[in-house]
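Only one structure is covered here, and it is reproduced in the block below.
The values are calculated or read from the model by the stated rules, or taken from the named source; none is laboratory data. The model shown is predicted, which means the values in this text are computed figures rather than measured ones. Methodologically, a virtual Cβ is constructed for each residue, glycine included, from the backbone with ideal geometry; neighbour enumeration extends over all protein chains shown. Areas reflect the complete protein model, heavy atoms only, side chains present, ligands, DNA and RNA absent. Shrake-Rupley method; radii C 1.70, N 1.55, O 1.52, S 1.80 Å.
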Amino acid sequence: MEAKLKLLKITKHRILTTRETFSNINSYIELIFAIGSGIFIVAGWLLSKADLQLASIVSFLLAYGIGGYFKAKEGLSDTLLHKQLNVELLMVLAAIGSAIIGYWTEGALLIFIFALSGALETYTMDKSRKELSSLMRLQPEEAWLLENNKEYRVSVADLVVGNHILVKPGERIPADGIIKKGSTSIDESAITGESIPVSKEVGQEIFAGTVNGQGSIIVEITKPNSETLFQKIITLVQNAQSEKSPSQQFIERFEGTYVKIVLSVVALMMVLPHYLLDWSWNEAFYRAMVLLVVASPCAVVASIMPATLSAISNGARNGMLFKGGVHLETLGNIRAIAFDKTGTLTIGHPEVTNYVVVEEHSPADVLQIVASIEHHSNHPLAEAIGKFAASQMVDLLTPDSIEDVSGWGIQAIIQGQTWKIGKKDFMNKEKIDQFRRQYVTKHADSGKTIVYIQKEADIIGFIALKDCIRTEAKAAIDELQQLGIQPIMLTGDSQTTAAAIANEVGMTTFVAECLPEQKVTELKKIQATYGVTAMVGDGINDAPALASANVGIAMGQGTDVALETADIVLMKNELAKISEAVQLSKRMNRIIKQNLFFSIGVLFILVLSNFFQAIDLPFGVIGHEGSTILVILNGLRLLKQHQKKMA
């Protein structure tokens with residue numbers, strides 16, 4: 001049985017290797033055909049110089065066939081499928097027309113440069129898919145399923161929620177789940193971008209595509225393969241590559257009408273100049289063929305898609321997933337950006353910032369009592385206090401009795417003494433106000449949550465906690481302001497807390513005590529004031545606002561609903577990536593405008609020159625196809641990381 005499984009595995013590996021090899025060859029075949037076409041053009045030109053006309057024509061025909069194969073196939077299939085003329089068909093007709101009037105070299109050269117530009121465009125698309133391919137290779141295809149204390153090697157696709165799997169040291173984790181047994185460290189760089197492995201223990205969540213460290217763990221699957229975080233990343237990239245920007249959609253709608261106009265004008269030009277301008281029939285036909293070449297909008301059509309795909313690829317490589325070109329294009333035009341607070345501007349959970357005990361008591365002894373009591377609570381504040389105590393190496397005691405007073409705090413008896421930990425209204429009413437004035441006021445005013453400590457009838461201390469801002473939050477807000485974008489915070493927290501966080505990150509505008517539906521209302525007010533607006537959030541309560549914004553941006557650690565609703569996902573949870581994404585969008589929009597201005601300008605000059613008989617077919621071919629190659633190369637610049645800040 002083991003030998004059979006080994007044989008199947010070897011066979012599968014060979015099949016996958018063969019497919020990958022074939023795929024790599026196929027991705028370069030357009031370029032190979034274009035180069036082959038160029039070789040036959042040179043051979044045909046040399047043969048014509050040697051007065052071997054028949055041989056030269058055969059060589060040129062081979063150049064036509066090899067170089068024009070992909071574009072002719074694409075043009076014909078699109079025409080038959082959509083019942084609409086296209087640029088590819090126009091170029092094939094132009095090359096045939098050149099051959100009819102005896103310009104074999106020029107027609108073949110047209111095919112060669114057109115094939116070369118097509119190969120460059122295919123290269124751009126392949127580069128944009130590179131990140132997706134590398135992601136897909138990270139996902140394991142098989143897993144160790146545990147059933148009846150036995151291990152079975154099964155396909156990941158066969159796993160279901162509730163299954164238990166064994167993940168051995170060094171293996172990639174095949175599915176999202178929770179550790180049920182064992183501890184280890186996980187390399188989550190494929191998901192979060194964080195290069196330092198994260199320690200994981202029983203009860204903690206792990207993700208498909210990440211790498212197990214030195215420990216062997218048993219994992220309970222919590223999501224089917226199609227819904228893992230890793231699969232969602234792949235889906236986001238796939239959708240981004242297939243969705244077209246508004247500019248691209250406009251060009252494609254315009255293309256069919258434009259081709260019809262060009263063919264109509266070419267037909268008229270074959271006849272009218274002979275009667276109106278006294279051109280010979282040969283000159284009229286020649287000029288019509290030149291017009292057919294130079295008026296084709298190849299460069300205009302190629303101005304947008306290569307640039308958009310390059311920008312999307314750049315973003316995916318740097319932890320910014322765009323769900324489509326439309327969102328990337330819009331991002332560069334935003335004038336305001338609304339931020340959720342919890343989990344977006346802040347880390348999303350409270351941390352102890354201050355621990356104060358009155359002088360006559362030992363801080364270490366009091367912390368030991370407090371930690372021993374809070375250890376029996378599941379409240380987030382209790383967990384934060386527990387982590388703080390653990391960092392101080394505190395040993396826990398066993399309370400004699402304990403009572404959790406829901407909504408107020410916790411009361412316990414330890415070593416025969418009564419302790420209370422909780423809100424101010426849970427404390428001794430006669431002493432709380434004086435204690436607050438003496439010790440607490442400045443902390444409460446800064447937006448911190450105060451947990452009081454009472455021993456018997458005396459209030460002896462407090463712990464201040466706060467959902468601290470992300471380390472990069474202030475710098476990220478500053479960068480957005482430098483780009484001329486107004487940051488605004490929308491939060492459900494109190495006015496005091498909101499004001500403190502806004503001041504800390506450098507915001508001047510915020511709206512506090514917002515319910516989810518109120519966030520949508522406030523967002524619409526922001527749009528009415530500033531125009532194009534983005535929203536950044538991570539929770540279920542942010543989903544309505546994310547959907548209402550012109551561009552919704554979700555933190556990668558956010559809820560499934562936020563990730564699905566948003567238009568852009570920051571996989572590394574870094575707010576600084578927002579300004580990078582805006583700058584990338586501005587670069588893309590600027591390059592697209594450059595391409596369109598240049599390509600339309602060249603087209604206009606070439607067409608005008610032809611009407612005045614100032615340009616011949618060879619120069620028309622070079623000018624037209626050269627401009628196409630230049631705009632594609634200009635778009636490819638977006639594949640490179642840009643380090644400079646832009647205003």
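How do the pairs read when you match residues in segment 98-109 that are part of a loop (DSSP other than H, G, I, E, B) with residues anywhere that are crowded, with 24+ Cβ neighbours inside 10 Å, using Cβ under 7 Å and keeping only pairs 6 or more apart or on different chains?
ILE101/MET289; TYR103/LEU617
Kindly evaluate TYR69 against the criterion of being open to solvent by 50 Å² or more (accessible area, probe 1.4 Å), over 30 Å from ARG153 (Cβ atoms) and modelled with pLDDT of 70 or more.
yes
Name every residue in segment 367-390 that is surrounded by fewer than 20 Cβ atoms within 10 Å (Cβ to Cβ) and more than 45 Å from the chain's Cα centre (by Cα), in order of residue number.
GLN368
For segment 606-647, how many residues are closer than 30 Å to VAL582 by Cα, at pLDDT below 80 and hydrophobic (A, V, I, L, M, F, W, C)?
Looking only at that region, the number is 3.
Could you list, in sequence order, the residues of segment 33-51 that are more than 17 Å from PHE70 (Cβ to Cβ) and open to solvent by less than 20 Å² (accessible area, probe 1.4 Å)?
Result: GLY44, single match.
Enumerate the pairs (first residue in segment 589-609 and over 10 Å from VAL631 (Cα atoms); second residue anywhere and outside any helix (DSSP H, G or I) and open to solvent by less than 40 Å² (accessible area, probe 1.4 Å)) with beta-carbon separation below 7 Å, excluding pairs fewer than 6 apart on the same chain, so at least 6 apart or on different chains.
If the second residue must be outside any helix (DSSP H, G or I) and open to solvent by less than 40 Å² (accessible area, probe 1.4 Å), the pairs left are ASN589/GLY332; LEU603/ALA295; LEU603/PRO297; LEU606/ILE615; VAL607/ALA295; SER609/ILE615.
Can you tell me which residue in segment 528-540 is nearest to LEU483 (Cα to Cα), limited to those that are open to solvent by 30 Å² or more (accessible area, probe 1.4 Å) and of a type in the set (Val, Ile, Thr)?
Ranking the candidates gives VAL532 first.
Can you run down the residue pairs with Cβ atoms below 7 Å, 6 or more apart or on separate chains, where the first is in segment 65-94 and over 22 Å from GLY36 (Cβ atoms) and the partner is at pLDDT below 70 and not in a helix (DSSP H, G or I)?
Close Cβ pairs (under 7 Å, with a partner that is at pLDDT below 70 and not in a helix (DSSP H, G or I)) amount to ASP78/ASN86; THR79/LEU85; THR79/ASN86.
Return yes when ARG129 is over 29 Å from GLU220 (Cβ atoms), at pLDDT below 65 and either in contact with a Ser or Thr (Cβ under 6 Å, 6 or more places away or on another chain) or open to solvent by 60 Å² or more (accessible area, probe 1.4 Å) (or both) and no when it is not.
Values: over 29 Å from GLU220 (Cβ atoms): yes; at pLDDT below 65: yes; either in contact with a Ser or Thr (Cβ under 6 Å, 6 or more places away or on another chain) or open to solvent by 60 Å² or more (accessible area, probe 1.4 Å) (or both): yes.
For ARG129, the condition - over 29 Å from GLU220 (Cβ atoms), at pLDDT below 65 and either in contact with a Ser or Thr (Cβ under 6 Å, 6 or more places away or on another chain) or open to solvent by 60 Å² or more (accessible area, probe 1.4 Å) (or both) - is met.
Only one of these conditions is not met by GLU205: (1) open to solvent by 60 Å² or more (accessible area, probe 1.4 Å); (2) within 22 Å of ASP567 (Cα to Cα); (3) at pLDDT 60 or above. Which number is it?
Just one mismatch for GLU205, condition (2).
Filter segment 313-332 for residues that are at pLDDT 80 or above, farther than 15 Å from ARG587 by Cβ and within 9 Å of the chain's Cα centre (by Cα) and give the result.
The answer is GLY319, LEU321.
What pairs come up if the first residue lies in segment 326-344 and is within 28 Å of ASP493 (Cα to Cα), the second is modelled with pLDDT of 90 or more and aromatic (Phe, Trp, Tyr), and their beta carbons are under 8 Å apart, counting only those six or more places apart or on different chains?
ARG335/TYR530; ALA336/TYR530
Identify, please: which residue in segment 214-240 is at pLDDT below 80 and part of a loop (DSSP other than H, G, I, E, B) and is, among those, surrounded by the fewest Cβ atoms within 10 Å (Cβ to Cβ)?
Per the criteria, the residue is GLN214.
For SER310, indicate whether it is assigned to a loop (DSSP other than H, G, I, E, B), touching a residue at least 40 places away in the same chain (Cβ under 8 Å) and on the phi < 0 side of the Ramachandran plot.
It is false that SER310 is assigned to a loop (DSSP other than H, G, I, E, B), touching a residue at least 40 places away in the same chain (Cβ under 8 Å) and on the phi < 0 side of the Ramachandran plot.
Being in a loop (DSSP other than H, G, I, E, B) and either among the aromatic types (Phe, Trp, Tyr) or open to solvent by less than 10 Å² (accessible area, probe 1.4 Å) (or both) is the filter here, so list the residues in segment 276-307 that pass it.
TRP279, ALA295, SER296, PRO297, ALA302, SER303, ILE304
Quick check on segment 563-574. Is at least one of its residues polar (S, T, N, Q), modelled with pLDDT of 90 or more and under 16 Å from PHE339 (Cβ atoms)?
Scanning segment 563-574, I find no residue that is polar (S, T, N, Q), modelled with pLDDT of 90 or more and under 16 Å from PHE339 (Cβ atoms), so the answer is no.
Take the conditions modelled with pLDDT under 75 and either basic (Lys, Arg) or outside any helix (DSSP H, G or I) (or both) and apply them to LYS260. Does it pass? Quick ask: steps written out before the conclusion?
On the way: modelled with pLDDT under 75: no; either basic (Lys, Arg) or outside any helix (DSSP H, G or I) (or both): yes.
Taking the combined requirement at face value, the residue does not satisfy it.
Please enumerate the residues belonging to segment 398-424 that are loosely packed, with under 13 Cβ neighbours inside 10 Å, in a loop (DSSP other than H, G, I, E, B) and either among the aliphatic types (A, V, I, L, M) or in contact with a strand residue (DSSP E or B) (Cβ under 7 Å, 6 or more places away or on another chain) (or both).
Scanning segment 398-424 gives a single hit, ASP400.
Looking at segment 371-400, I want the residues that are closer than 17 Å to LYS420 by Cα and in contact (Cβ under 8 Å) with a residue 40 or more places away in the chain and have a partner that is assigned to a loop (DSSP other than H, G, I, E, B) and open to solvent by 100 Å² or more (accessible area, probe 1.4 Å) with Cβ atoms under 8 Å, at least 6 apart or on another chain. Which pairs are those?
Matching pairs, first to second residue: SER372/THR398.
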